[in-house]
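Here the structure is laid out as structure tokens; the discussion comes afterwards.
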Amino acid sequence: MLKPVPLHPQIRTVHKPFKGAAPDFNQLFAVSAGVPVLDAMEHASTLLDTALNSARDLAMDGDDHKPWAVVYLLESTLALVNASVNGMLEAKL
């Protein structure tokens, strides 16, 4: 089992480009370097929650079962992020 790493206020994000809708512009969007990880995780939680609500709406409106797989994956990912954020917040106390 891995040893837990204590939350350190100096833990920050690194620059990480990601592709948006246009594959030719893979440097257009990026996670900025230097953002506190807790802040980044909280923002990720908000983004995941928005995606989950959109996927849920699509799944409820259609007869296809595929959107429910997306809902399940988003729910699981959001739960992991939220549990991590809550753990980091408790560690700061």
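The values are calculated or read from the model by the stated rules, or taken from the named source; none is laboratory data. Since the model is a prediction, treat every value here as computed from it, not as a measurement. Counting neighbours? That spans all protein chains shown, and the Cβs are built from the backbone with ideal geometry, glycine included. To get the accessible areas, we keep the full protein, side chains included, count just its heavy atoms, and leave off ligands, DNA and RNA. Shrake-Rupley method; radii C 1.70, N 1.55, O 1.52, S 1.80 Å.
Which pairs do you get when a residue that is basic (Lys, Arg), found in region 81-93, comes within reach of a residue that is surrounded by 12 or more Cβ atoms within 10 Å (Cβ to Cβ) and at pLDDT 80 or above, reach meaning Cβ atoms under 9 angstrom, with the pair 6+ apart or on two chains? So the pair list comes out as Lys92/Leu38. The single condition from (1) closer than 16 Å to Arg12 by Cα; (2) in contact (Cβ under 8 Å) with a residue 12 or more places away in the chain that His43 fails is (2).
Sort through Leu73, Leu80, Leu89, Leu58 and tell me the only one that's at pLDDT below 90, assigned to a helix (DSSP H, G or I) and over 22 Å from Val37 (Cα atoms). That would be Leu58, the only listed residue that is at pLDDT below 90, assigned to a helix (DSSP H, G or I) and over 22 Å from Val37 (Cα atoms).
Of all residues in region 51-93, how many are among the polar types (S, T, N, Q) and under 20 Å from Thr13 (Cβ atoms)?
Looking only at region 51-93, we keep the residues that are among the polar types (S, T, N, Q), and these are 53-54, 76-77, 82, 84, 86.
From what is left, the residues that are under 20 Å from Thr13 (Cβ atoms) are 77, 82, 84, 86.
Residues flagged as among the polar types (S, T, N, Q) and under 20 Å from Thr13 (Cβ atoms) within region 51-93 amount to 4.
For region 29-55, a residue qualifies if it is assigned to a helix (DSSP H, G or I) and touching a Pro at 6+ places or on another chain (Cβ under 7 Å), and exactly one does: Ala55.
The condition of being at pLDDT 75 or above, open to solvent by less than 100 Å² (accessible area, probe 1.4 Å) and farther than 17 Å from Asn86 by Cβ holds for only one of Leu52, Leu38, that being Leu52. Scanning region 26-35 for residues being open to solvent by 60 Å² or more (accessible area, probe 1.4 Å) and touching a Ser or Thr at 6+ places or on another chain (Cβ under 8 Å) gives a total of 3.
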